[in-house]
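Participant: Please read through the structure below; I'll follow up with questions.
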Amino acid sequence: MSAVVAEHDDHHADEHHDHGPAKGLLRWIITTNHKDIGTLYLLFALAMFFVGGAMAMVIRAELFEPGLQFVDPAFFNSMTTMHALVMVFGAVMPAFVGLANWQIPMMIGAPDMALPRMNNMSFWLLVAGVLLLASTLLMETGAPNAGWTFYPPLVLQPITVGKALPFAVFAVHLLGISSIMGAINIIATIFNMRAPSMKMMDMPLFVWTWLITAFLLIAVMPVFAGAVTMLLTDKFFHTSFFNAAGGGDPVLYQHIFWFFGHPEVYIMILPTFGVASTIIPVFARKPLFGYASMVWATGSIAFFSFIVWAHHMFTVGMPMAGELYFMYATMIIAVPTGVKVFNWTATMWKGAMTFETPMLFSIAFVVLFTMGGLTGLMMALAPLDFQYHDTYFIVAHFHYTLVPASIFILMAAGYFWLPKWTGHMYNEKIGQLHFWLSAISVNILFFPQHFLGLAGMPRRIPDYAIQFADWNMVSSIGGFIFGLSQLLFLYIVIDTIRGGTGEKVTAEVWEGSSNHSLEWTLPSPVPYHTWTTPPTVVPTEHVLDSH
Amino acid sequence: MSTNVAYYIPHKATWPVIGTAGLVTMLAGFANYLNGSSSVGPAFMVAGLVVFIIMLVGWFTLQAHESETGMYNHDVGISYRMGMMWFIFSEIIFFAVFFSTLWYTRNLSVQWLGSGATKELLHSAYQATWPTNGPGDVGGKFEPMSAWGLPFLNTLILLSSGVSCTWAHHGLLAKNRDQLIKGLIVTVALGFLFVMFQAFEYHEAYTSMGLTLGSGVYGSTFFMLTGFHGFHVCVGAIILSVVLFRSWKGHFQPENHFAFEAAAWYWHFVDVVWLGLFVFVYLL
Ligand code: HEM
Ligand SMILES: [Cu+2]
């Protein structure tokens, strides 16, 4: 490879002579540049984080006290449904795609993503899908409110969906196409665009985890698309897939949904693992402990994620052999997950650690994600899950795996790479304040939900029995603090983009980081085009341990 | 094509956002139509579809032009092939969902409905046999589709089209343009013939066999699987027509013909899915 663009054709030459961004707003609409598209994804995800967060505030406000205070029950259910959909498909997944766009080409020495036009389309399909979904909020019959899992027969009842169902189904189709395009692009980029000097086993773990995540996406997004398509035909075209009178079975929907749904939760956590494995060694000033075992653990978690889905259905009715199989298979996932937690800890062991904001968030991730994993193990025990299922216990479980894990790591990634992307340093004091407020309030918010669940409070209800009042109030207070604290993050992002502390950042930004990964050998801020010629030497500090 | 040309990175893409706008307009219209809007809904659907088709024509024309003027080096070709390969993989998964549904229904849910307490307490007269429209006799009496009429003929048609497609490919590789074009004409013709026969079959089912999408779970799985497949045959035949048109215009070289390869892969994929359908939907 010598230069990025070849001029062959006079007819198009005017387009290709121009290597910088287009002028004005149009730049962002027609861009094919991986950094521009990464920025679009990240800003969109941040916006959706606040939209989904506002819905969560509605939920916590209603649950502040027993009784019906602010919203009617149908709207409350719309909020739980839309909160989950917006956070999963609008915030967490797109944020990681944004990171992938920015980082993967820079980390593997590629000039851009392999299929830049498709990259642009992935982003706009995402926006289109979310808009289609959000449009239901404005309809007189309201947004979908049967839960983000869309279980039939509930979701097919007129009272629960109103006019929202077809919009939700088509939104899922668009989001699915968007994710599949994004995943294909990532796979082609990693396999085909890597600097010749970088072997697979030299790749930073963030790249590895995204490669594996991309395969998960291609393998399960069509499954979700198929499931909702059958909902649509059952509702509007007289089919009987989920209708026992016609020989179908509503439980089939649950099987299909969770065949998608369980890998889906790993789609949100594997890139999280990748970022954590990238940040921790830099601040521990040590190579990552057990690079190769990290790669294998990621691969085996991905593999197992396909064969454990029915742990979401223990109480639904399954043959005993099924209950046992899904129980043991689920518990096996804890082994590679444990390997990872051990490796992160061992990376920090005797490291020359410093505690800048990205590291603080990463350490909190290791601790609090482990909490979520442990409650997962508890629920994996089928007989115990009969008590936990559909209670606030599971709400606590998955929020520990998603908020102080995925979301915290996304924040860490923001603090870690913003100086590289913008060339400006963020305000460390406010960053630390943001961290401590978040880390404390997230526990006030979610820890009491374990107690509520164990005591039997069901999820997805706007009102509750009086004995649940105290812990709900505590949880809501934690929620409000957590929600407000995130405004600090918004402030920091805007402030850093606009100049931050004014301090000049070096190419490395973090001491020694250029030994870990390629992007730190590029100037800060990174130029619009990077690696137009591939690097000849790649840093291998991160894999030292396995060579 | 020359090896020293760099990886081509396009700038300023306008088609993706146009295509997205078309697609979302079409789907919003369809959703409105399903909710009972008979004017706005269809209007949006048509408008969206038109924009989407314009995008397809525009985008693919651009790609063909870039390919023919030698802007894609070997590596770009690899990226495209990977893209197509994993796209087909995602399509395989999509079909697998419906095949699994058929399996689950036949072997599990219908059996459960027709045995044990469910049968005794709820519908003791129900016999768990296949084909079935369930204990509720949903959709009324129907006749199942036999494998040995049109479906068998269609199997022969699709298999032959796979052969003619490969023959055309050999023509391309041997720089025999005549063979390439003839092979493609035969392939496309067989493709559309298949679709026509399937239309006859559906007509027959609806008008004289009482078999509809509403015929319980048999009708649902039958039409869902064969319908999505038929749609893919249409798409494949259209793609092959475009490839035929381009071959006739003199496009493609033995070392540079990604579009042909992609179309051929897609066609073989559609072929294999049909074999699965023939066995699991019609035969068994
Ligand atoms: C050691 C690893 C894990 C185990 C053993 C585990 C186990 C489980 C089980 C058994 C359930 C079903 C509980 C019930 O419905 O009664 C569940 C639910 C859930 N888990 Fe996990 N889990 C693990 C990790 C994760 C991770 C990493 C995530 C996300 C990043 C996650 C997200 C979820 C979500 C979102 C649900 C609830 C879905 C719903 O019903 O809406 N889990 N988990
Ligand atoms: Cu799960």
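Bear in mind these aren't lab numbers, they're just calculated from the coordinates by the rules spelled out. Keep in mind that this is a model prediction, so the values were computed, not measured. FYI the Cβ positions are ideal-geometry reconstructions off the backbone, even for glycines, and counts take in every protein chain you see.
Participant: Using a Cα-Cα cut-off of under 17 Å, which lysines could be cross-linked to B:Lys175, ignoring same-chain neighbours fewer than 8 residues away?
Facilitator: Counting by Cα, and skipping residues close in sequence, B:Lys175 has these lysines nearby: B:Lys249.
Participant: Is the shape of region B:1-72 best called rounded, prolate or oblate, per the rule: a/c under 1.5 gives rounded, else a/b larger than b/c gives prolate, else oblate, with a ≥ b ≥ c the square roots of the Cα gyration tensor eigenvalues?
Facilitator: Numbers: a/c = 5.28, a/b = 3.73, b/c = 1.42.
Prolate, since a/c reaches 1.5 and a/b exceeds b/c.
Participant: Assuming 0.36 nm per residue, please report the length gained on full extension of the stretch A:Lys23 to A:Tyr491 beyond their Cα-Cα distance. Walk me through the numbers before you get to the answer.
Facilitator: Details: separation 468, 0.36 × 468 = 168.48 nm, distance 2.65 nm.
Between A:Lys23 and A:Tyr491, full extension yields 165.8 nm more.
Participant: Now for a separate question. To the nearest 20 debye, what is the magnitude of the charge dipole of the protein assembly as shown about its Cα centre, counting +1 on the Cβ of each Lys and Arg and -1 on the Cβ of each Asp and Glu? Can you show the working numbers first?
Facilitator: Details: 29 positive and 43 negative charges, 56 e Å.
Its charge dipole is roughly 260 debye.
Participant: So, one more: Please say if chain A is rounded, prolate or oblate, where rounded means a/c under 1.5 for a ≥ b ≥ c the square roots of the C-alpha gyration tensor eigenvalues, and otherwise the choice is prolate for a/b larger than b/c and oblate otherwise? Working shown, then result.
Facilitator: Values: a/c = 1.58, a/b = 1.39, b/c = 1.14.
The shape class here is prolate.
Participant: Quickly rank A:445-452, A:241-248 as a protection proxy: mean count of other C-beta atoms within 10 Å, highest first.
Facilitator: Working: A:445-452: 22.5, A:241-248: 25.9.
The most tightly packed comes first, giving A:241-248, A:445-452.
Participant: How high is the FRET efficiency between A:Thr141 and B:Trp130 when r is their beta carbon distance and R₀ equals 41 Å, given to the nearest 0.05? Numbers along the way, then the final one.
Facilitator: Numbers: r = 39 Å, r/R0 = 0.94.
The value I calculate is 0.60.
Participant: What FRET efficiency would be calculated for the residue pair B:Val235, A:Ala245, taking the C-beta separation as r and a Förster radius of 35 Å, to the nearest 0.05? Mind dumping the intermediate values first?
Facilitator: Numbers: r = 34 Å, r/R0 = 0.98.
Between B:Val235 and A:Ala245 the formula returns 0.55.
Participant: Per residue of B:34-40, count partner chain C-beta atoms within 10 Å of its C-beta, then hand back the mean as an integer. Walk me through the intermediate numbers first.
Facilitator: Numbers: counts 10, 9, 1, 1, 0, 0, 0.
Taking all residues of B:34-40 together, the mean is 3.
Participant: At a Förster radius of 45 Å, what calculated FRET efficiency corresponds to the Cβ-Cβ distance of B:Ile88 and A:Thr506, to the nearest 0.05?
Facilitator: On the way: r = 46 Å, r/R0 = 1.02.
The formula returns an efficiency of 0.45 here.
Participant: Order the peptides A:395-405, A:203-213, A:314-324, B:138-148 from the highest to the lowest mean number of other Cβ atoms within 10 Å of their residues. Write down the numbers at each step before the final one.
Facilitator: Details: A:395-405: 22.6, A:203-213: 25.6, A:314-324: 13.4, B:138-148: 16.0.
The most tightly packed comes first, giving A:203-213, A:395-405, B:138-148, A:314-324.
Participant: Describe numerically, in nm with one decimal, the distance between label points set 7 Å from Cα along Cα→Cβ at B:Ile78 and at B:Leu153.
Facilitator: Taking the two extended label points, one gets 4.8 nm.
Participant: List the lysines whose alpha-carbon lies under 19 Å from that of A:Lys235, not counting same-chain residues fewer than 8 positions away?
Facilitator: Once the sequence-local lysines are set aside, what remains near A:Lys235 is A:Lys163.
Participant: Residues in region B:184-211 near a label at B:Ala174, defined as backbone nitrogen under 16 Å from the 7 Å Cα→Cβ point?
Facilitator: From region B:184-211, the list is B:184.
Participant: If the only charges are +1 at each Lys and Arg Cβ and -1 at each Asp and Glu Cβ, what is the size of the charge dipole of region B:177-276 around the Cα centre, to the nearest 20 debye?
Facilitator: On the way: 4 positive and 6 negative charges, 55 e Å.
The dipole magnitude comes to about 260 debye.
Participant: Putting +1 on Lys and Arg Cβ atoms and -1 on Asp and Glu Cβ atoms, find which of B:Phe89, B:Ala147, B:His257 reaches farthest to the positive end of the dipole of region B:74-283.
Facilitator: Farthest towards the positive end: B:His257.
Participant: Only counting other Cβ atoms within 10 Å, I'd like A:Leu216, B:Leu277 sorted with the fewest neighbours first. All intermediate terms of the calculation are to be shown ahead of the outcome.
Facilitator: Working: A:Leu216 21, B:Leu277 24.
Fewest-to-most Cβ neighbours within 10 Å comes out as A:Leu216, B:Leu277.
Participant: What is the dipole size for region B:74-283, taken about its Cα centre, with +1 at each Lys and Arg Cβ and -1 at each Asp and Glu Cβ, in debye to the nearest 20? Spell out each step's value before the answer.
Facilitator: On the way: 9 positive and 11 negative charges, 66 e Å.
So the magnitude is around 320 debye.
Participant: Work from the charge dipole of chain A (Cβ charges, +1 for Lys and Arg, -1 for Asp and Glu, about the Cα centre) and give the residue of A:Thr496, A:Ala143, A:Ile184 farthest towards its positive end.
Facilitator: The listed residue farthest towards the positive side: A:Thr496.
Participant: May I ask for the longest run of chain A untouched by trypsin sites (Lys or Arg not before Pro) that are loop-located per DSSP and have at most 10 neighbouring C-beta atoms (other than their own) within 10 Å?
Facilitator: Details: sites that count: A:Lys23, A:Lys350, A:Arg498.
Longest stretch, sites excluded: A:24-349.
Participant: Now for a different question. Averaged over A:120-130, how many beta carbons belonging to a partner chain fall within 10 Å of each residue's beta carbon? Don't jump to the answer; show the numbers that get you there.
Facilitator: On the way: counts 8, 10, 2, 3, 8, 6, 1, 3, 8, 4, 0.
The mean count of partner-chain Cβ atoms within 10 Å per residue comes to 5.
Participant: Sticking with this structure for a sec: Going by how many other Cβ atoms sit within 10 Å of their own, how do A:Ile29, A:Ile363 line up, fewest first? Don't skip to the end; give the middle numbers.
Facilitator: Values: A:Ile29 17, A:Ile363 24.
The most exposed by this proxy come first: A:Ile29, A:Ile363.
Participant: Continuing with this model, one more query. Report the one residue of B:Ser160, B:Asn176, B:Phe231 whose Cα lies farthest in the direction of the positive end of the charge dipole of region B:125-255 (charges on C-beta: Lys and Arg +1, Asp and Glu -1; origin at the Cα centre).
Facilitator: Going by the charge dipole, the pick is B:Asn176.
Participant: Now for a separate question. Shielding of A:113-119 by partners, i.e. mean partner chain Cβ atoms within 10 Å per residue?
Facilitator: 6
Participant: Taking a ≥ b ≥ c as the square roots of the eigenvalues of the Cα gyration tensor of region B:74-283, is the shape rounded (a/c under 1.5), prolate (a/b larger than b/c) or oblate? Kindly include the intermediate steps, with their values, before the conclusion.
Facilitator: Values: a/c = 3.72, a/b = 2.25, b/c = 1.66.
It comes out prolate by the Cα gyration axes.
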